[in-house]
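One structure is given here, and the rest of the page talks about it.
The values are calculated or read from the model by the stated rules, or taken from the named source; none is laboratory data. All of these numbers come straight from a predicted model, not from anything done at the bench. In this analysis, Cβ positions are derived from the backbone assuming ideal geometry, glycine residues included, and neighbour counts consider all displayed protein chains. Heads up: the accessible areas ignore ligands, DNA and RNA and are worked out on the full protein's heavy atoms, side chains in. Shrake-Rupley method; radii C 1.70, N 1.55, O 1.52, S 1.80 Å.
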Amino acid sequence: MTAGAGGAGGPVGPVGGTAAGGSGQSWVLSRVRPLGGDPVDVLLTDGVVAAWRPAGSTGPDSEGLPAGTTILAAEGLIMLPGLVDLHTHLREPGREDAETVESGTRAAALGGYTTVFAMANTNPVADTAGVVEQVWRLGLDAGHCDVRPVGAVTVGLAGERLAELGAMATSAAEVRVFSDDGHCVSDALLMRRALEYVKAFDGVIAQHAEEPRLTAGAQMNEGVVAARLGLPGWPAVAEEAIIARDALLAGHVDSRLHVCHVSTAGSVELIRWAKAKGWQVTAEVTPHHLLLTDDLISSYDPVYKVNPPLRTAADVAALRAGLADGTIDCVATDHAPHALEDKETEWAAARPGMLGLETALSVVMETMVIPGHLDWVGVADRMALAPARIGGLPRPAAEGWSSIAVGAPATVTLLDPSPWRVVEADTLASRSRNTPYAGRSLPGAIRATFLRGRPTVLDGKVV
Ligand SMILES: [Zn+2]
């Protein structure tokens, strides 16, 4: 396969003329395939899906279109709801050399995302109404996608006392997801209190499940590869013990727990058990845990260092099965940009984390769609609808997409499924370069993204 091979659809620039006059805010997506179904012509106007008709019935000269309508040739393209990422690190404020809200959301739009939840481990930490409002405003200013700040659970991520959860929830940023991600809320009583507190505003605690005493000094997955390489191991039980404890707590207080970046087969079993109990437990898996294994660390290339670590092929198989059957609710990127000096160093000193926004849908295509584990309806659920629901997005953004309903928000992404492209780190929109896929060929390419009817990406480029 070659990079950037032309897809069935050809160029996705506007074609034909525009109807006379008007503001240019209406679009016809000509011959697009909603959720991978049969081609139709879809009209986007006033920020919503206004109409759809049999393919080919809407030519450039069609009458009855709003003034200023632009026809987009979308032959062969799959229309999905705009993707929602529950787990993005935007690094602003504090590490603008690694990423900014502007550069991170630019990467998000190019990856087909229309909402990202920005993790709280910035500097200063997003543990007050002031910081979450700052991040939210930076997102508005950038305009590439919606930014929903995640609030810290504990002050300074220190795990000692609860942050101002209520103040963040009632701020302009309307925080609903709280997480100390990067750190585990390891104190069981604090975790209980946090779960109880967020019930008042239907919030959710997103836990980075890592029992800290079991992972002190850990460098990679505990197992045969770690033994061979002589690196200290991060055992699966450190993740599973916290998931089991937190599921019990969530059930006990009848509150919402979300498990970040599930990485082991045992974790999938525990989440299946918690759901069978009827507890409000949801979970995410990252693209890299669906594709990569700890064998790669034989290279000692720190690009493969991540927390939780890459696991075994058996874990990867269990994660794919769990995502397919809905035990794992959604895909979240854990997009974690790092500056060169923090990443291109010796293994032990390198920061954990990988880029993910610009490659997530391609990795899901390779690991889930091509092998037949998920169809496009399933992808829409796992990458847009489920994360929107978990994150408490306003209802209009989360509904209307079980089919392509007229009246649904025109917040969509258009994927060309046919090309394979070689990932080149230097061409990514992120300010950082720590992609584990550099040099690897991945399927699919985002051609366009619309946010409430306004294009943020056209012809694969940021508008
Ligand atoms: Zn984490």
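Listed values, structure above:
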item	result
Per-bin percent of Cα-Cα distances, the stretch 80-403 [20 Å]	35, 62, 3
Two-site FRET efficiency, residue 160 against residue 46, from Cβ-Cβ distance with R₀ of 51 Å, rounded to 0.05	0.55
Residue 461/residue 187 FRET efficiency (R0 51 Å; Cβ-Cβ; nearest 0.05)	0.60
Computed label-point distance, nm, for sites residue 228 and residue 38 using a 7 Å Cα→Cβ extension	5.3
Virtual spin-label span in nm between residue 425 and residue 201, 7 Å along Cα→Cβ	3.9
Taking the C-alpha atoms of the stretch 153-264, convex hull volume expressed per residue in Å³	96
Among 200, 108, 121 - extreme Cα towards positive end, dipole of the stretch 77-209, charges at beta-carbon	200
Packing rank of 133-139, 216-222, 286-292, 339-345, where each peptide gets the mean count of other beta carbons within 10 Å, highest leading	286-292, 133-139, 216-222, 339-345
Estimated 222 nm signal from helices in the chain, with DSSP H stretches of n ≥ 4 weighted -39500 (n - 2.57), rounded to 500	-7000 deg cm²/dmol
Computed label-point distance, nm, for sites residue 137 and residue 299 using a 7 Å Cα→Cβ extension	4.3
Fully extended contour minus Cα-Cα distance, from residue 272 to residue 237, at 0.36 nm per residue	11.0 nm
Degrees, to the nearest 10: 313-324 long Cα axis against longest axis of the chain	50
Euclidean distance of C-alpha centroids, the stretch 319-394 and the stretch 276-298, integer Å	9
Sorted peptide list for 42-50, 447-455, criterion being average Cβ within 10 angstrom, highest first	447-455, 42-50
Shape call, the stretch 104-168: gyration tensor on alpha carbons, a/c limit 1.5	prolate
Alpha-carbon centroids, the stretch 117-131 and the stretch 237-270: separation in whole Å	24
Using θ = phi - 60° and Karplus 6.51 cos²θ - 1.76 cosθ + 1.60, couplings along the stretch 335-351 (whole Hz; Gly, Pro as x)	3, 9, x, 9, 5, 3, 5, 8, 10, 8, 8, 5, 3, 5, 8, 6, 6
Under 26 Å from the Cα of residue 277 - lysines, other chains or at least 8 residues apart	199
For the stretch 325-463: accessible area per residue (Å², 1.4 Å)	36
